[in-house]
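Engineer: Handing you a structure now.
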Amino acid sequence: MARARGVLFWERIWPIALAALAAPFAFVIVSLFDVWRHTPVWAHVGALVAAAGLAVYAVRRQGAGFALPTRRDAAARIEADAGLAHAPLQALADRPSAGDASNPLWRAHQTAMAEQARAARLNRPALGAAADRVDPKGLRFAAPGLFAVALAAAGPETATRLSLAVNPGAASGASSAVVDLWIDPPAYTGTAPIYLHKAGERLGGLRDQVDAPAGSTVVAQVNGARRFRLDFQTEAETVDAEAPHEKNDAGRVELGLTESGLVRLRLAGRTTAWPIGVLKDRAPRVRFVEPPAGDDDGRVGLAVRIDDDYGAAAGRLVLTLDPDQERPLDAPPLGAAALAERRAFDLPGLTGAPGERRIAIDLQADKWAGLGVVAVVEAEDGAGQTARSEPATLVLPSRTFFRPLAKAVIEHRRDLAAAPQAWTRAGRAFDAMTFAPEFFYDRPKDYLLMRGAYWNVMRRKGEDVDETVAAFWPLALQLEDEALELARRRLEAAEDALRAALERGAGDDEVNALVEALRAAMDDYVQALADAGAQDQSDGRESNRQLDDGDLDALLDAVRDLSEAGAQGAARQALSDLAEILRNLQVSRGAGGGGGRDGEPGDAQGDGEGGEGDQAGAAGRAGDLIGRQRVLADETYAQSLDGAAGAGAGAPDAGALPGASPGSPTGPDDAPGAAGGGRSADDIASDQRALSRDLSELRADLEESDAAGAAPGAQGDPADETRALRDEAGRAFEEADRSMRDAERALQRGDFETAETAMEDAIDGLRDGAEALAEAQNRDGARQADGGEGPGGGVDPLGRPVGPIGDGRSVGVPDEAAYQRARDVLLELRRRLSEGERTEEEIEYLERLLERF
């Protein structure tokens with residue numbers, strides 16, 4: 001019965017739907033043939049209104065007698081389809097008008113009707129007869145074929161033409177369109193966009209040829225036009241794109257340029273063409289400027305030159321074992337698998353503009369450290385083309401271990417890496433080294449570690465040798481310096497936990513707890529470094545400023561604050577900066593000094609002509625002179641307060657003043673107020689005279705180093721800037737020397753007030769000279785570390801470092817203001833995004849910016 005009612009409903013609604021859809025369907029077919037492009041707007045509007053009106057009229061006319069089918073209608077339809085007489089389905093629902101339903105005659109009637117009802121069936125809907133009443137000429141049968149032809153004619157423009165069908169006048173107004181057409185070169189080229197057409201210029205005709213790098217994209221942005229077409233025609237094919245009408249009558253399309261061809265823009269019946277010459281990207285070339293070799297820090301120094309159109313996008317150092325290297329007599333021969341292995345290390349310092357690069361990479365922890373290798377540098381440009389340098393052989397630097405057990409572990413680690421097949425030899429060696437531990441081992445932990453190494457070798461039986469070799473490095477470090485290695489592991493675990501929390505957007509409480517855990521691990525690591533007696537080998541570009549706990553704490557606080565502000569990207573960057581600093585951190589054993597190591601004041605001996613070392617020593621000596629001059633000024637001030645020579649009760653303790661040299665006359669033992677009483681004006685004048693002599697010696701050393709390092713340079717040479725700063729320092733020291741002599745003469749006269757003023761002037765001159773020397777050191781250090789004066793060094797016009805990076809030695813303490821700026825930018829972006837008057841394009845732009853934080 002339910003299906004019969006559904007069939008009846010479909011048969012009754014079908015004529016109404018057919019009549020209602022006839023006019024809209026015809027309108028769609030006409031639209032697919034793109035008739036409205038050549039039709040006045042008023043005719044287009046009239047056709048659209050007429051189609052809608054005819055549909056409404058058809059519904060009202062055909063649906064005048066429409067009624068939903070009832071159950072009796074369904075029963076009658078089933079009986080008619082089955083050819084049943086006497087309406088058995090309807091009879092089954094009857095009840096006797098008089099008497100009882102248990103009457104034998106009534107029951108016999110119901111049984112007979114039920115028997116007939118078993119033959120009931122339902123035919124398919126008779127749609128043809130219903131449609132014939134609406135479409136007696138059968139035009140509905142031609143409509144699908146006509147629609148298929150219209151779809152074929154529209155092709156890829158189907159969606160565009162259908163959208164234009166309901167938007168009268170969409171093709172009009174092209175004369176007022178604002179057209180911008182340009183070519184975007186690939187990002188790796190670093191070249192500016194090439195404009196083909198700017199707003200306000202006339203369209204039409206053939207323009208001059210324009211050359212663009214391979215991989216460029218031509219972009220068309222048209223505002224105020226309903227539709228336009230952009231295509232790129234080459235000898236092989238034509239690629240086109242049509243911009244449909246979008247919001248605010250704005251359209252944008254892009255086409256890739258793979259080879260030379262013709263770019264054409266069609267708009268409002270006018271065609272403008274630009275011949276485009278595609279410049280193929282030349283393959284890069286890379287070569288060694290100097291053979292690779294180990295430096296004093298145990299790193300592999302690389303000096304390479306890269307030649308390319310736009311510079312390198314990636315660089316790698318590829319190492320293979322040198323098959324011709326000499327092996328110790330007791331060492332196993334090189335294995336075939338080891339000789340076939342190829343190890344690659346990324347070199348971010350090779351990226352950037354073409355030119356010379358000087359970088360260093362630390363491979364002391366690599367399994368091939370101490371072995372002879374064949375080194376090849378690979379450079380890849382932005383187009384994916386790779387160049388290889390000529391091979392060069394060298395022995396990888398290895399860390400020096402002093403404890404015999406650690407040395408043995410490293411030796412067998414190296415042998416396993418070079419000859420995996422000799423694993424039984426390593427196993428026997430570890431077994432022998434763990435013989436009779438009660439006699440040969442003072443620390444049970446060392447025995448257990450060595451025994452664990454033995455079982456690590458024996459259980460693998462020559463399989464997964466790389467994992468065994470990798471496990472031997474931390475083992476050797478732990479045997480050499482257990483506390484430092486454990487502190488390093490704890491630090492790395494704390495870093496990983498905080499990084500994971502920032503990536504998943506953890507809450508403030510969790511981040512704060514992880515920050516404090518990292519702070520504790522960092523303190524333990526720094527203390528372990530100090531206990532290990534590591535010396536400071538920080539890069540000269542850091543102005544010889546020693547790293548202290550406050551710097552590291554400031555970075556940790558920046559991570560926490562940025563996370564609380566919602567700047568997760570900036571917080572992760574701050575954490576990466578901290579991790580890089582800690583990886584390269586070494587703590588000085590000396591507490592003071594003027595730039596030297598182990599607490600010794602820096603001297604004036606340079607490491608080259610006009611080099612970095614003499615500047616660092618000179619800056620340190622200048623700092624020492626400032627401290628000594630400040631002590632004398634404090635003594636003079638105390639004498640002026642007391643009003644009598646020799647009174648020094650109010651002077652400060654020179655031993656607590658920064659910069660006081662242990663060997664200077666004003667050291668802690670000679671400080672005013674120390675045992676022995678105060679000093680006279682003659683004593684202070686004598687010290688002032690000695691200080692003036694030391695400054696004169698410093699000036700003479702600077703002049704001598706400048707004369708030795710003088711060399712002609714090109715205009716704007718970075719070395720000229722360094723020399724100018726050193727000259728500025730010399731002038732400042734000369735003024736300071738003059739003020740010192742004035743102070744000495746005033747002291748001899750007993751004029752403490754004049755002496756104090758002269759001493760303050762001397763301090764200002766010393767400070768200016770020291771600052772100039774520090775700046776010269778920064779410039780010179782950056783120039784030398786970045787490969788001299790080649791195009792890869794220095795900074796760009798915005799002050800950002802360019803040239804070689806990634807050597808792990810140029811990591812400084814980021815300025816806290818940088819993270820504050822990140823927070824300020826984040827808050828400003830959120831404020832602008834919250835303003836309700838922003839357009840959708842502005843909102844999308846601001847959201848993209850927020851993703852970067």
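The values are calculated or read from the model by the stated rules, or taken from the named source; none is laboratory data. The shown structure was predicted, so the numbers you read here are calculated from the model rather than taken from an experiment. With ideal geometry, Cβ positions are generated from the backbone for all residues, glycine too; neighbour counts draw on all protein chains shown. These accessible areas exclude ligands, DNA and RNA; they are computed on the full protein's heavy atoms, side chains included. Shrake-Rupley method; radii C 1.70, N 1.55, O 1.52, S 1.80 Å.
Engineer: Using 0.36 nm per residue, how much length does the chain from R3 to A43 gain when fully extended, once their Cα-Cα distance is taken away?
Structural biologist: Numbers: separation 40, 0.36 × 40 = 14.40 nm, distance 4.60 nm.
Extra length from R3 to A43 when fully extended: 9.8 nm.
Engineer: Something else: Hey, with R₀ at 35 Å, roughly what FRET efficiency would K407 and S576 work out to, going by the Cβ-Cβ distance, to 0.05? Could you put the intermediate results ahead of the total?
Structural biologist: On the way: r = 34 Å, r/R0 = 0.98.
E(calc), rounded to 0.05, equals 0.50.
Engineer: Could you tell me what percent of the accessible area of region 298-364 is made up of carbon and sulfur, with a 1.4 Å probe and every protein chain present?
Structural biologist: Numbers: 1470 of 2890 Å².
Its accessible area is 51 percent carbon and sulfur atoms.
Engineer: First compute the accessible area of region 370-482 with a 1.4 Å probe, then give the percent of it belonging to carbon and sulfur atoms. It would help to have the intermediate numbers written out before the result.
Structural biologist: Values: 3000 of 5550 Å².
Looking at region 370-482 in its full context, I get 54 percent from C and S.
Engineer: Would you mind computing, in nm to one decimal, how far apart the modelled labels at D466 and A52 are, each placed 7 Å from Cα along Cα→Cβ?
Structural biologist: 6.9
Engineer: Between rounded, prolate and oblate, where does region 291-418 land on the alpha carbon gyration tensor, with a ≥ b ≥ c its root eigenvalues, rounded for a/c under 1.5, else prolate if a/b exceeds b/c?
Structural biologist: Numbers: a/c = 2.75, a/b = 1.91, b/c = 1.44.
Prolate.
Engineer: Could you compute the FRET efficiency for L448 and L833, with r as their C-beta to C-beta distance and R0 at 45 Å, rounded to 0.05?
Structural biologist: Working: r = 59 Å, r/R0 = 1.32.
Computed FRET efficiency for L448 and L833: 0.15.
Engineer: Arrange the residues K137, K280 by how much accessible surface each exposes, largest first, with a 1.4 angstrom probe.
Structural biologist: Values: K137 175, K280 140 Å².
Accessible-area ranking of K137, K280, largest first: K137, K280.
Engineer: Could you give the length gained by full extension between E842 and A314, i.e. 0.36 nm per residue of separation minus their alpha carbon distance, to one decimal place?
Structural biologist: Numbers: separation 528, 0.36 × 528 = 190.08 nm, distance 3.43 nm.
Computed gain between E842 and A314 is 186.6 nm.
Engineer: Also, quick follow-up: Taking amide H atoms as placed 1.01 Å from N in the peptide plane, list the residues 5 or more away in sequence, or in a different chain, whose amide H sits under 5 Å from that of F228.
Structural biologist: A243
Engineer: Per residue of region 208-214, what does 6.51 cos²θ - 1.76 cosθ + 1.60 with θ = phi - 60° give for ³J(HN,Hα)? Whole Hz please, x for Gly and Pro, Karplus curve as stated.
Structural biologist: Karplus values, whole Hz, x for Gly and Pro: 6, 5, 10, 9, 9, x, 4.
Engineer: Related question: Hey, if we sort R72, R726 by accessible area with the 1.4 Å probe, largest down, what's the order?
Structural biologist: Working: R72 145, R726 10 Å².
I get R72, R726, largest accessible area first.
Engineer: Decide, for region 454-528, between rounded, prolate and oblate: order the square roots of the alpha carbon gyration tensor eigenvalues as a ≥ b ≥ c, take rounded if a/c falls under 1.5, and otherwise choose prolate if a/b is larger than b/c, else oblate.
Structural biologist: Numbers: a/c = 4.84, a/b = 1.82, b/c = 2.66.
Oblate.
Engineer: Count charges around Q385 for me, please; just the other residues with Cβ under 15 Å from its Cβ, Lys/Arg as +1, Asp/Glu as -1.
Structural biologist: Numbers: positive: K280, R282, R285, R316, R388; negative: D281, D307, D308, D309, E378, E380, D381.
Spelling it out: positives minus negatives among the neighbours equals -2.
Engineer: Considering only protein heavy atoms, what per residue accessible area in square angstrom results for region 352-441 with a 1.4 angstrom probe? Spell out each step's value before the answer.
Structural biologist: Details: 3830 Å² over 90 residues.
On a per-residue basis, region 352-441 sits at 43 Å².
Engineer: From largest accessible area down, sort R342, R61, R490; use a 1.4 Å probe on the protein chains.
Structural biologist: Numbers: R342 130, R61 160, R490 110 Å².
The residues order as R61, R342, R490, largest area first.
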